[in-house]
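Below is one structure; the comments refer to it alone.
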């Protein structure tokens with residue numbers, strides 16, 4: 001099985017979930033691609049689209065936070081299965097507060113987050129999901145970064161797992177890996 005793991009805003013392949021997922025894939029005989037995405041949304045989508053088209057078999061997408069948004073966009077575009085974990089909903093609006101200097105979570109790059117970044121996110125945003133059977137949305141209700149009710153409402157026609165407690169990092173990630181595989 002081929003997976004593409006998509007990290008969130010200012011994150012990288014060094015994130016806890018990315019590392020856990022790549023190790024789990026390796027231990028279970030699955031291929032996993034996890035790019036360090038460019039900070040420009042259009043460039044990130046372009047890189048991910050190229051990766052999808054280069055895969056020998058249809059990949060399954062798994063993304064967290066902004067990566068959950070990218071997962072949803074790409075699952076729609078390529079008719080793929082996608083798992084969106086604590087996904088960002090309408091990030092072009094949500095990330096306005098982030099305008100200005102940014103440093104990646106793992107300290108490997110700095111950049112200026114601008115209105116152009118927001119415009120790129122707004123341009124790829126969706127009003128609804130047209131292939132809801134292809135999406136599994138997983139959400140923890142104590143996500144301190146994103147409003148879990150927005151995700152539940154936006155993904156209302158999709159498969160959903162909503163958990164009590166947790167946090168934005170998705171505390172149950174290790175427990176849902178086999179479910180991700182089976183979806």
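Listing for the model above:
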read-out: Label point distance in nm, residue 130-residue 28, each placed 7 Å from Cα along Cα→Cβ; value: 3.1 nm
read-out: Mean separation of Cα contacts under 8 Å (6+ apart) over length of the chain, as relative contact order %; value: 20 percent
read-out: Cβ-based exposure ranking for 183, 170, in which fewest neighbours within 10 Å come first; value: 183, 170
read-out: The chain: C-alpha gyration tensor shape, a/c 1.5 cut-off, then a/b vs b/c; value: rounded
read-out: Extended-chain gain in nm, criterion 0.36 nm per residue less alpha-carbon gap, residue 181 and residue 99; value: 25.9 nm
read-out: Per-pair calculated FRET efficiency, R0 = 35 Å: residue 56 and residue 171 via Cβ, rounded to 0.05; value: 0.55
read-out: Distance between modelled label sites at residue 145 and residue 43, nm, 7 Å Cα→Cβ extension; value: 2.0 nm
read-out: R0 of 35 Å, Cβ-Cβ distance residue 16-residue 123: FRET efficiency to nearest 0.05; value: 0.70
read-out: Full-extension gain in nm, residue 108 to residue 162, via 0.36 nm per residue minus C-alpha separation; value: 16.1 nm
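Each reported figure results from applying straightforward, stated rules to the coordinates on display, with no laboratory input. Please read all numbers here as calculations on a predicted model, not as lab measurements. Ideal geometry is used to build each Cβ from the backbone, glycine not excepted, and the neighbour counts take in all protein chains shown.
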